[in-house]
Every structure is written in C-alpha cells, then in structure tokens.
1. Show the residue pairs meeting these rules: Cβ distance below 9 Å; 6+ apart or different chains; first residue within segment 259-280 and without any contact (Cβ under 8 Å) to a residue 60 or more places away in the chain and in the same structural domain as residue 72 (by TED's automatic domain parsing); second residue assigned to a loop (DSSP other than H, G, I, E, B) and within 12 Å of ligand 2 (Cβ to nearest atom).
2. Does segment 215-228 include one or more residues that are surrounded by fewer than 21 Cβ atoms within 10 Å (Cβ to Cβ), farther than 20 Å from residue 88 by Cβ and within 15 Å of ligand 2 (Cβ to nearest atom)?
3. Name the pairs whose Cβ atoms lie under 7 Å apart, with the first residue in segment 214-238 and assigned by TED's automatic domain parsing to the domain that holds residue 286 and over 26 Å from residue 65 (Cβ atoms), the second in a helix (DSSP H, G or I) and within 11 Å of ligand 2 (Cβ to nearest atom), and 6 or more positions between them or separate chains?
4. Tell me, which helices (runs of 4 or more DSSP H) wholly within segment 255-359 include 3 or more residues that are under 18 Å from residue 188 (Cβ atoms) and at pLDDT below 80?
5. Going through segment 231-269 one residue at a time, which ones are within 16 Å of residue 147 (Cα to Cα) and more than 11 Å from ligand 2 (Cβ to nearest atom)?
6. Would you mind telling me which numbered condition in (1) more than 12 Å from ligand 1 (Cβ to nearest atom); (2) without any contact (Cβ under 8 Å) to a residue 40 or more places away in the chain residue 292 fails?
7. Please go through (1) more than 8 Å from ligand 1 (Cβ to nearest atom); (2) touching a helix residue (DSSP H, G or I) at 6+ places or on another chain (Cβ under 6 Å) for residue 185 and return the number of the only condition it doesn't satisfy.
8. Quick test for you: out of 144, 162, pick the one residue that is buried (at least 21 other Cβ atoms within 10 Å of the Cβ) and either within 16 Å of ligand 1 (Cβ to nearest atom) or at pLDDT 95 or above (or both).
Ligand SMILES: Nc1nc2c(ncn2[C@@H]2O[C@H](COP(=O)(O)OP(=O)(O)OP(=O)(O)O)[C@@H](O)[C@H]2O)c(=O)[nH]1
Ligand SMILES: [Mg+2]
C-alpha cells in the first residue's frame with residue numbers, strides 16, 4: 001500500500017507560500033460516491049516536533065528534541081491543514097510512522113500557535129507575503145564590509161521586518177579583512193542595535209585551541225534563542241552557521257566582477273548551536289519587501305530601533321502626525337547628526353514606497369528631495 005492511500009497526497013509545494021490546496025490537480029477519487037465527512041479525527045495521540053527544514057513538499061521534523069530519543073523524521077502535510085503554511089521553526093503535531101526509519105513518512109496534522117512569524121514581500125507594493133521562519137526571537141542581520149557592498153537601507157528594512165515580527169535584531173558585519181567596517185557601522189553606532197564584526201579568521205581557534213573571542217561572543221548572543229540569519233547572497237551567512245554549529249552547509253564564491261553572491265543556499269534550515277540555542281540559515285534574497293507591514297509599524301520600528309535617541313516612545317506616534325514628529329525638527333537642527341539625517345531619509349523613502357503617507361505628510365517629511373539608493 002502506498003503511503004498516500006489515506007488521501008494525504010504529497011504537495012509539490014516548493015512555493016508553498018503561494019500555495020492553494022484547492023487549486024492543485026485533482027486525482028480521480030476511488031471513493032467518488034461516498035460523501036466526505038466533515039468530522040476530522042482529533043488526533044489525540046499526535047506527537048509534537050519542530051520543523052527544521054522544508055524541501056519540495058517534504059518537511060523535516062525533529063522529534064523529542066533534547067532527549068535521548070531525538071530524531072529527524074520526514075513528513076508531509078495532511079489534507080486537513082488546508083491552505084495553512086508550514087515553515088521552518090513551526091511546532092507541529094504529527095501522526096503516523098514517527099520512528100524516523102528509512103523510507104518512513106509521517107503526517108503533519110496541526111501547526112501550533114506561532115510566537116513570531118518573519119515575513120517579507122516581493123516588493124513594497126505587493127501585500128502577498130512570503131513566510132521565512134516561525135518562532136524565531138532574534139534576527140542576525142548579516143552584511144559584508146565588502147563583496148557584496150553593504151547597504152544601510154537594507155539593514156533598515158530588516159529592522160522594520162524584525163520589529164513587525166516581534167524579533168530582536170542584531171547586526172553582524174562580516175569580511176572585515178576585506179574592508180574597514182567602521183564607516184558602515186557608523187550608520188548604526190548610536191542606535192539601540194548590537195553590532196558584531198567578523199573576519200575570515202574569526203572562527204579559527206587560537207594556538208592553544210581555544211575558540212576566538214568573536215565565536216564566544218556570538219555563542220553568548222545565540223544561547224537560549226532561536227536566531228534567524230538574513231542578508232544578501234554571499235555575505236557569509238552559511239559560513240557563520242557552519243562555524244557556530246559544525247554544520248556543513250555549502251558556501252559559495254562571490255562573483256569578482258559583480259560583487260554578487262551566487263544564491264548558494266536555496267533552503268531555510270535550522271541548526272542547533274552546541275553551546276545553546278538554534279540558528280536558522282536562509283537563502284540570500286535580492287530585495288526584502290515590506291508590502292505586508294502597516295506603515296504605522298514602520299514608524300514605530302524606526303522609533304524603537306532605527307533612529308537615535310527618539311522620544312516619544314514607540315507606539316505613540318500616529319502616522320497622521322508623523323510630519324509633526326519632534327524628531328524631524330531635531331534632525332533639521334542637526335541634533336542627531338548625519339546618522340539621524342540618513343535614517344530619517346530612509347524612513348521617508350520606505351513610507352513613500354509603501355504609498356502609506358498622504359502627499360501632504362510626505363511633503364512635510366521630505367527634507368531635500370535627494371535621490372535614493374536602491375536597497
Ligand atoms: N574574505 C572573507 N570571506 C568570507 C568571510 N565570510 C565568508 N566569506 C566568503 O564569502 C563567500 C560566501 O559565503 P557564504 O557563507 O556562502 O554566503 P551566504 O550568505 O550563505 O550566501 P547565500 O547562501 O548565497 O545566500 C564564501 O566564499 C566565503 O568563504 C570573511 O569574513 N572574509
Ligand atoms: Mg548560504
């Protein structure tokens with residue numbers, strides 16, 4: 001008997017986020033004339049596991065995490081999940097053969113409530129979201145000091161997405177052997193943002209075999225957390241994950257001419273950090289759209305993470321009053337320096353790209369109408 005004979009046909013849903021189960025090809029139904037029951041079994045005996053990877057309709061689930069019985073099993077989604085997405089980091093209830101034996105396939109029957117959900121959209125005007133990871137509580141924003149060139153406004157975007165998802169951002173600047181990270185770090189130095197820098201030798205043990213201080217620092221930051229890496233292709237996300245966890249994710253070379261990575265990692269995979277915590281390696285993306293984010297949340301996010309020394313506290317700035325925000329006067333008075341000026345401009349650009357402010361508000365927010373870099 002084949003494994004889908006109970007009606008749970010596997011989904012070929014590498015693009016699961018846009019997946020609509022009702023639109024898939026229809027198989028001839030051998031039980032055609034029998035009415036389908038709306039009553040679903042409660043699956044009281046289901047076991048709970050954590051999705052650590054998603055690959056073309058198959059979900060790798062870790063069962064009995066942290067016990068002697070910890071094992072990886074392969075699962076497919078059960079039909080009763082409907083359109084509900086299952087993503088890396090999800091806690092799921094599983095039935096069927098959960099032994100993890102070769103060739104076994106269990107079924108995910110429920111997705112437990114998520115504590116956080118990190119999402120992006122294709123572009124700012126597109127509200128269709130792509131879910132990246134569930135239940136992460138930290139975001140490691142990885143940028144390279146060079147190759148590829150770092151972009152401050154992409155970091156701003158990540159900070160907004162992190163704020164919107166309820167995830168704490170940390171900035172990691174890699175490849176400091178190739179360029180001085182100070183000019184880039186200066187964009188964020190006055191902010192409430194932890195910054196870590198690494199070089200190509202950061203992960204080599206010293207002459208006595210002791211781990212480097214940077215590795216220790218990162219491990220300390222990850223301990224007790226689920227941390228999702230984000231960043232352009234080629235910035236060194238998988239390199240970091242491998243060094244921290246002993247994983248063997250493939251790493252790619254950066255094109256010497258374009259300075260672009262080759263999109264080496266194509267899946268989102270979660271790894272346990274032996275010293276504590278979990279880190280999620282993600283594929284590099286070219287853009288990080290915020291079409292799904294409420295413009296008021298963009299404001300709050302800047303007040304919380306992206307602008308220096310902001311008052312009033314986040315959550316108290318109605319969008320309609322953004323043009324009256326005291327930060328605008330303070331920036332104009334030069335009080336918050338170049339960093340404040342650049343961050344405010346970045347905020348204005350984001351709000352404008354969302355079409356989230358009226359022309360009047362935007363005119364009031366605009367200070368010099370300068371061209372904007374692409375993220
Ligand atoms: N010089 C230098 N190269 C580094 C450093 N960290 C990573 N690299 C190199 O950068 C290249 C890309 O690294 P990856 O780890 O594959 O980058 P990634 O962010 O995972 O890229 P995608 O999977 O494509 O998103 C590899 O050739 C790494 O060896 C560093 O600190 N210094
Ligand atoms: Mg990678």
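The values are calculated or read from the model by the stated rules, or taken from the named source; none is laboratory data. Owing to the predicted nature of the structure, the values given are computational and were not obtained by experimental measurement. Backbone-built Cβ (ideal geometry, glycine too); neighbour counts: all protein chains shown.
1. Final answer for the pair search is none.
2. no
3. 231/237
4. Working: elements: 295-301, 326-332, 337-354.
Hits in segment 255-359: none.
5. 253, 254, 255, 256, 257, 258, 259, 260
6. Answer for residue 292: the failing condition is (2).
7. For residue 185, the exception is condition (2).
8. On the way: 162 fails: either within 16 Å of ligand 1 (Cβ to nearest atom) or at pLDDT 95 or above (or both).
Selected residue: 144, the only one of 144, 162 that is buried (at least 21 other Cβ atoms within 10 Å of the Cβ) and either within 16 Å of ligand 1 (Cβ to nearest atom) or at pLDDT 95 or above (or both).
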